[in-house]
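Before any comments, here is the structure.
The values are calculated or read from the model by the stated rules, or taken from the named source; none is laboratory data. This one's a predicted model, so the numbers in the text were calculated from it and none came from an experiment. Here the Cβ is made from the backbone with ideal geometry for all residues, glycine too, and neighbour counts use every protein chain on show. Surface areas here come from the heavy atoms of the whole protein model, side chains and all, with no ligands, DNA or RNA. Shrake-Rupley method; radii C 1.70, N 1.55, O 1.52, S 1.80 Å.
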Amino acid sequence: MLYCFGLDYLPVSLVVTLSNLYIVVTIVLGIVVLHEPVTGLKIAGLTCIVAGVLLLGHSPARYAAHPEASPARTPRQARGFVIMGVYVVLIGVGAFLEKPALTGLTATQLNALMGIAMTAVAGTALAVKGPRLPMTKRTLAVLGVGIMIGAASVFYFLGLRGLPVSVASAASNASVVVTVVLSAIFLHQPIGRARGAGLALTLLGATLLALSTG
């Protein structure tokens, strides 16, 4: 919800970039609270992943979900930064708490409970803020996307069982590589040097993280 509200106040490329900073919160909590080991290989992998994802977050303005031509006023920008700051903290802490939650739940149980909670939040938001969901083919298509993300979450939780939370949360963000490649193939979005570097850094980071786990 906060991510969507952030789009009302900030350019989409900036919102995407800020949203990916939650990885930092999750990584720091994993190292400080769970005492996860810090190695040179792991630091290099995490750095590459974060840098790569941030680079990939900057799509050209003409391909953005919302126009970015008219700059937001300073008060609106400040409100947007506050919203995204709260988002980063909530998502970062939430991603960290998934690890201890798995000590008493299976991956499918955790995924189901999170899905129920997210549905409750979404339903409450619609009831309070509205509007009603339109019953169209596009709505059904979005439900299909939700099913894909829900299935992917099960695999993430299965991987999280055997990986440090810092490694799992960072490596999962390499999924943006698939998104960028698909957008280039089907939507004909240009890769460019910056995004090419982002792809390379993200893949390198994921490889280093895999090597750091032995």
Checklist entry - According to a simple spin-label model (label point 7 Å from Cα along Cα-to-Cβ), what is the distance in nm between Ala44 and Leu158? => result 3.1 nm
Checklist entry - In nm, to one decimal, how far is the modelled label at Leu133 from the one at Thr103, with both set 7 Å along Cα→Cβ? => result 3.6 nm
Checklist outcome for this item: Check: C-alpha center region 82-102 vs C-alpha center region 148-207, spacing in Å is 19 Å
Checklist entry - Stretched out fully, how many nm does the piece from His188 to Ser175 gain, at 0.36 nm a residue minus the Cα gap? => result 2.8 nm
Item to check | Largest to smallest accessible area among Lys129, Lys42, Lys99 [probe 1.4 Å] | outcome: Lys129, Lys99, Lys42
Checklist entry - In debye to the nearest 20, how big a dipole does the chain give about its Cα centre with +1 on each Lys and Arg Cβ and -1 on each Asp and Glu Cβ? => result 480 debye
Checklist entry - When the Kirkwood radius is taken over all Cα pairs of the chain, what Stokes-Einstein diffusion coefficient follows at 37 °C and 0.692 mPa s, in µm²/s? => result 175 µm²/s
Checklist entry - Counting only heavy atoms of protein chains, what accessible area per residue, in Å², does the chain have with a probe of 1.4 Å? => result 59 Å²
Checklist entry - Ignoring ligands, DNA and RNA, how do Arg195, Arg79, Arg138 rank by accessible area with a 1.4 Å probe, largest first? => result Arg138, Arg79, Arg195
Next on the checklist: Can you give me the solvent accessible area of Leu182 with a 1.4 Å probe, rounded to the nearest 10 Å²?
Outcome noted: 80 Å²
Next on the checklist: Of Thr207, Ala51, Leu126, which is farthest towards the positive pole of the chain's charge dipole, taken about the Cα centre with +1 and -1 on the beta-carbons of Lys, Arg and Asp, Glu respectively?
Outcome noted: Leu126
Next on the checklist: If you count only protein heavy atoms and use a 1.4 Å probe, how large is the accessible surface of Val82, to the nearest 10 Å²?
Outcome noted: 90 Å²
Item to check | Inter-label distance for Val121 and Val93, nm, one decimal - labels placed 7 Å from Cα along Cα-to-Cβ | outcome: 1.2 nm
Checklist outcome for this item: Length gained, Val32-Val142, 0.36 nm per residue minus C-alpha separation, equals 35.8 nm
Checklist entry - Within the accessible area of the chain, what % is carbon and sulfur when the probe is 1.4 Å and the other protein chains stay in place? => result 73 percent
